[in-house]
Each structure stands twice: as C-alpha cells, then as structure tokens.
C-alpha cells in the first residue's frame with residue numbers, strides 16, 4: 001500500500017504518453033517488494049531546469065530521461081558518471097540527498113541482454129545508425145572486446161563523429177564508416193558476423209523497411225540484433241531468421257536498462273529470476289500488442 | 001495499472017512521513033476507479049518555490065499542502081480562490097494547464113462532516129483555538145449561520161486577530177474573545193450549545209488534557225466537536241459524552257477536506273456512498289491504531 005514513505009520514480013520525455021517504463025518499472029517494484037511507485041511526466045525542453053530543481057525540492061528519488069532530453073538535461077545536474085561524460089547523454093537521474101547525479105544504463109542494458117557475450121570477443125560488427133542508441137551500443141561493443149566496427153548512418157557527419165568517438169573515446173582501434181551502402185555492402189556483410197540495427201528502420205512508420213534489403217550474404221553464422229522491439233520481429237529480423245541466422249530484438253535491452261536504473265536508485269542488488277524476466281517480457285508484449 | 005497516462009497527486013509538508021493523506025487518497029482513487037496515484041513529498045520551506053515550479057514543469061496535477069506550508073506557499077502560485085485570499089492559507093494546489101491555483105478545502109471538510117447542520121443556524125458557538133484550523137472552522141461557522149461566536153486561545157493576540165477577521169472578513173456580527181478562561185467560563189459554557197476544540201489539546205503529547213477540565217455545565221443539550229481524531233475520543237469528548245452531550249471528532253472533516261481536493265483536481269462529482277465512507281474511516285482508524 002502506498003503511504004507517505006513510498007518513494008517516487010518517474011520517466012520524463014516529450015511526448016511521454018506511450019512510454020512503457022511505468023508498466024515495466026511498477027512490475028519490477030512489485031516483483032522486488034519495494035515501497036515505491038513509478039509514474040511519467042510530460043516535460044518540455046524549456047522546463048528541464050525547473051524539472052530537475054523540482055526533483056531536488058520534492059525529494060523525487062529517481063527519474064528516467066527519454067527522448068528528446070537525454071543530452072539537454074545534463075546542464076542541470078550536479079554530477080555525471082564517467083559513461084555519461086563520454087557519451088554526452090543520460091537516461092537516469094539519481095537524487096542522492098539533494099545532489100542529482102546522471103547515469104546512462106543503455107550500454108549495460110545492451111550488454112546484459114546478450115545471451116552469448118563471448119560471440120563479440122574479437123568479432124567484427126556492422127552497426128547501422130550513429131545516433132544516441134548507436135552510441136550506447138558502440139560503447140558496449142568496445143567493452144565487449146569487438147575487434148572491428150563498421151558504422152553506417154544516412155547522415156555522414158554523424159557517422160564520422162561516432163567513428164571518432166569510438167576511436168578516441170572508447171579505445172576501439174579498428175573502426176570505420178561505411179559511407180556508401182550500395183558498393184561493397186554484400187561483401188562486408190558476408191565477412192562481418194554481427195549485424196546490429198540501431199536506426200528506426202523497421203519500426204512504424206518504417207515497418208515495411210529493412211536496413212538490409214538483400215539478405216543473400218547473411219548465413220546461419222550471423223547474429224542479427226535489432227534494437228527495435230515493436231514489431232517484435234522487424235522485417236530485418238524476419239529476413240535474417242530465414243537464412244538461419246541467430247536473431248534478437250531490443251526488448252531485453254529495454255528491460256535490463258530499466259532494471260539497472262532501479263538498482264541505481266535503490267542501491268539494491270536486484271536480480272530477476274528467469275520466471276520474473278518472463279513475466280516482464282509478457283506484460284510488455286501485452287502492452288505493445290505483440291503476439292509472438 | 002499505473003501507466004504513462006496515470007495522473008500524480010501528492011501532499012507536501014515538513015515533516016510528512018506520518019501523513020495519512022496517501023492512504024486516504026489512494027483509497028478514494030481506487031473507490032472511484034480513477035487513473036491516478038497519490039504520494040507524499042518532504043519539502044522544506046526554502047524549497048517551496050522550486051516545488052511549485054517543478055509541479056508546473058512536470059505536470060503534477062494536484063498537491064495538498066500541509067503544515068507548515070499552508071501560508072508560505074501562497075507567494076508562488078498563480079491564482080488563489082476567494083476563500084484562500086480571505087483565510088490567507090491554502091491546502092490544495094491545482095495545476096490547470098500550467099497555471100497553479102490555490103484552494104482551501106478545510107472549511108468545506110468541517111461543514112460536510114456535520115450530520116446536523118441545522119444545529120448551527122442562529123446558534124452560539126464557543127471555539128477553542130485561533131490558529132489555522134480554528135480560522136477555517138470560524139469561516140465555516142459564518143457560512144452555517146451561527147449567531148454568536150466566542151473564541152479562546154492562549155495567545156491573546158491571535159484571538160484578537162481572528163475575532164477581527166470573523167467580523168470584518170466573514171461578516172459575523174456577534175463575535176468576541178473569551179480572554180480569561182477562569183472567570184465566567186462555566187456560565188458561558190452553560191449558555192453556549194456548541195463547543196469546538198481546534199487546538200492540539202487532547203492530542204499526543206497533550207492526550208491527558210482537555211480544553212475544558214470541568215464539564216459540570218455541559219449537558220445533553222450540547223454538541224461537542226473536537227478536531228483531534230487521534231485519539232479517536234479525546235479526554236474532552238470522553239468527558240462530554242458522559243454528560244449526555246452529542247460528540248464528534250475530526251476524522252470525517254479530514255476525509256471530506258481530502259475528498260474535496262480530489263474533486264477540485266479531477267473536476268468530477270465524486271460522492272462516497274455510506275459504505276465507501278465507512279471503508280475510508282476503517283482504513284484510517286487502522287492506520288492510526290484506533291480501536292473504537
């Protein structure tokens with residue numbers, strides 16, 4: 001039962017009405033028996049300072065930060081984790097007795113969602129996208145020990161920036177941009193065992209599109225990861241699955257980045273049992289209207 | 001289930017950890033099937049501005065304001081109801097699309113808690129206390145049409161101020177201060193059919209005290225109201241009951257002022273059935289550890 005001692009967590013974003021975080025986090029809260037509740041706030045860019053100051057004034061224990069505020073919120077916090085400083089973005093604010101500290105849990109979420117992390121050690125990865133999500137994935141890839149990273153984004157400048165960050169910030173030696181997809185793409189795909197989509201291609205309204213339309217060079221030796229989780233299987237993953245490749249969507253990444261936020265706020269070692277993880281997946285698929 | 005569309009309400013105060021408002025309001029919310037949740041924030045005086053600005057920034061729909069912020073919050077709101085302007089205090093802030101409006105629901109709560117309002121019409125009332133609670137009660141008494149109001153408080157200056165407010169602000173013609181309780185108190189009590197305690201006497205740590213220690217002049221013609229609800233029956237009410245007087249504590253006042261806040265925030269005509277009111281009383285007595 002909610003009482004005057006119940007802690008409040010919330011997600012801020014613009015828009016926010018479709019966020020799944022409240023459903024997911026309140027499920028965690030009930031699974032772990034925490035005395036807390038998680039809601040959502042629609043916050044405009046011009047209100048970010050008042051929002052963070054209000055968090056401090058009201059003793060709101062934790063906020064998740066989502067699009068489009070992950071970078072814009074940083075000037076208003078008191079401290080930022082090393083990862084946040086490196087990535088220039090945060091998705092988690094912790095109220096540490098009036099001191100607001102920014103964290104980013106997306107790289108952890110990606111890493112934790114992988115069943116076989118060893119697959120990444122010394123491997124080559126082709127990463128589609130150079131935005132915020134791709135940046136978090138690239139950071140995780142560096143930590144996972146990938147050997148070669150090739151990045152493609154429609155905006156060349158963003159690609160160049162992420163390549164530079166991967167080299168200078170994340171310490172990846174062999175990182176390059178794949179500027180022109182049409183050229184030797186098939187060859188690159190054939191030689192690169194891990195393909196990751198960190199763009200919005202495959203998600204509504206681009207649900208009839210795939211980052212790779214010609215899956216001929218993909219084989220059962222490939223691992224194809226799509227950060228999109230709605231639809232549960234994008235066209236990219238459906239096509240990849242037909243080639244015998246291993247596939248995975250971004251639902252578990254979403255779950256594990258959220259769980260990590262809750263750990264940061266509570267300072268508790270919260271671990272989901274396989275059953276609990278299954279429950280959370282189920283409830284989120286229900287919310288998304290995903291059947292499979 | 002809480003989602004990104006669930007509205008947030010909360011109570012602010014200092015201290016706040018023992019507030020019953022979250023338990024009461026969440027029970028209302030569930031009884032009326034509202035998509036909302038109610039928590040509590042510990043807000044210090046120096047953080048009131050940031051709190052109200054944060055309420056605006058985060059789109060928090062409603063706040064209750066309790067001790068010691070009922071007056072101090074007023075400089076930071078955008079608008080105040082007529083009652084708030086008259087009483088100089090608010091217990092309810094409504095976020096009307098970014099515009100924060102202050103209301104006070106305590107007078108309504110007092111009025112609504114009375115089974116027999118007609119008892120007050122043209123009656124005489126002896127009111128103990130001249131603080132914020134007494135002010136709200138006096139305002140309600142004026143609206144109920146009392147003929148004669150006598151006010152006593154240990155601090156003479158507060159009494160004088162409230163007497164002046166009752167005359168000049170509330171339009172009560174016959175209002176006076178009972179400065180010295182020892183003198184003709186018994187006579188006044190015998191002649192005044194309604195006795196109201198709006199002080200902290202009778203509440204812990206003053207639970208062994210009564211605003212009137214000599215109940216000889218009280219009879220079954222009297223109505224004795226104690227704003228204190230914990231203990232459920234103060235010494236004043238226990239002694240009064242023995243004389244055959246009708247007695248009532250402040251629990252229903254608390255319930256109805258809270259219900260009124262919820263109505264203001266939701267713009268809905270929320271009415272408790274007798275069963276629902278009984279449920280709320282029961283759950284609050286449980287929380288308070290009151291048996292009777």
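The values are calculated or read from the model by the stated rules, or taken from the named source; none is laboratory data. These numbers come from a predicted model, not from an experiment. With ideal geometry, Cβ positions are generated from the backbone for all residues, glycine too; neighbour counts draw on all protein chains shown.
Conditions (1) touching a strand residue (DSSP E or B) at 6+ places or on another chain (Cβ under 8 Å); (2) surrounded by fewer than 17 Cβ atoms within 10 Å (Cβ to Cβ); (3) within 13 Å of another protein chain (Cβ to nearest Cβ), marked per residue:
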{"position": "B:37", "(1), (2), (3)": "yes, no, yes"}
{"position": "B:41", "(1), (2), (3)": "yes, no, yes"}
{"position": "B:46", "(1), (2), (3)": "no, yes, yes"}
{"position": "B:54", "(1), (2), (3)": "no, no, yes"}
{"position": "B:64", "(1), (2), (3)": "yes, no, yes"}
{"position": "B:68", "(1), (2), (3)": "yes, yes, no"}
{"position": "B:79", "(1), (2), (3)": "yes, yes, no"}
{"position": "B:84", "(1), (2), (3)": "yes, no, no"}
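Mind listing just one residue for me: the one in the stretch A:1-18 that is in contact (Cβ under 8 Å) with a residue 24 or more places away in the chain, more than 12 Å from residue A:43 (Cβ to Cβ) and at the interface with chain B (Cβ under 7 Å from one of its Cβ atoms) and, of those, surrounded by the fewest Cβ atoms within 10 Å (Cβ to Cβ)? Break it down stepwise before answering.
Residues of the stretch A:1-18 in contact (Cβ under 8 Å) with a residue 24 or more places away in the chain: A:2-3, A:5-17.
Within this subset, residues satisfying the condition of being more than 12 Å from residue A:43 (Cβ to Cβ) are A:2-3, A:5-9, A:17.
Add one more test, that the residue is at the interface with chain B (Cβ under 7 Å from one of its Cβ atoms), and what stays is A:2-3, A:5-6, A:8, A:17.
Details: A:2: 19, A:3: 17, A:5: 15, A:6: 19, A:8: 23, A:17: 10.
Only one residue tops the list, namely A:17.
What are the residues in the stretch B:22-34 that are more than 7 Å from chain A (Cβ to nearest Cβ) and either within 22 Å of the chain's Cα centre (by Cα) or closer than 26 Å to residue A:69 by Cα (or both), if any?
Just the residues of the stretch B:22-34 that are more than 7 Å from chain A (Cβ to nearest Cβ), to begin with: B:24-25, B:27-34.
Selection gives B:24, B:25, B:27, B:28, B:29.
Residues that are out of contact with any strand residue (DSSP E or B) (no Cβ under 8 Å at 6 or more places or on another chain) and at pLDDT below 95: find the helices (runs of 4 or more DSSP H) completely inside the stretch B:126-222 holding 2 or more of those.
Working: elements: B:132-144, B:156-168, B:185-191.
Of the helices (runs of 4 or more DSSP H) lying wholly inside the stretch B:126-222, those with at least 2 residues that are out of contact with any strand residue (DSSP E or B) (no Cβ under 8 Å at 6 or more places or on another chain) and at pLDDT below 95 span B:156-168, B:185-191.
Checking residue B:89 against (1) outside any helix (DSSP H, G or I); (2) within 13 Å of chain A (Cβ to nearest Cβ), which single condition isn't satisfied?
With respect to (1) outside any helix (DSSP H, G or I); (2) within 13 Å of chain A (Cβ to nearest Cβ), residue B:89 is out only on (2).
Residue check: is residue A:49 over 18 Å from residue B:58 (Cβ atoms) and either assigned by TED's automatic domain parsing to the domain that holds residue A:267 or modelled with pLDDT under 95 (or both)?
Spelling it out, it is not the case that residue A:49 is over 18 Å from residue B:58 (Cβ atoms) and either assigned by TED's automatic domain parsing to the domain that holds residue A:267 or modelled with pLDDT under 95 (or both).
Report yes if residue A:225 is buried (at least 16 other Cβ atoms within 10 Å of the Cβ), in a strand (DSSP E or B) and either in contact (Cβ under 8 Å) with a residue 12 or more places away in the chain or assigned by TED's automatic domain parsing to the domain that holds residue A:128 (or both), otherwise no. Full working, then the answer.
Numbers: buried (at least 16 other Cβ atoms within 10 Å of the Cβ): yes; in a strand (DSSP E or B): yes; either in contact (Cβ under 8 Å) with a residue 12 or more places away in the chain or assigned by TED's automatic domain parsing to the domain that holds residue A:128 (or both): yes.
Spelling it out, residue A:225 is indeed buried (at least 16 other Cβ atoms within 10 Å of the Cβ), in a strand (DSSP E or B) and either in contact (Cβ under 8 Å) with a residue 12 or more places away in the chain or assigned by TED's automatic domain parsing to the domain that holds residue A:128 (or both).
Please determine whether any residue of the stretch B:50-64 is free of Cβ contacts under 8 Å to residues at least 24 places away in the same chain, part of a loop (DSSP other than H, G, I, E, B) and closer than 24 Å to residue A:12 by Cβ.
no
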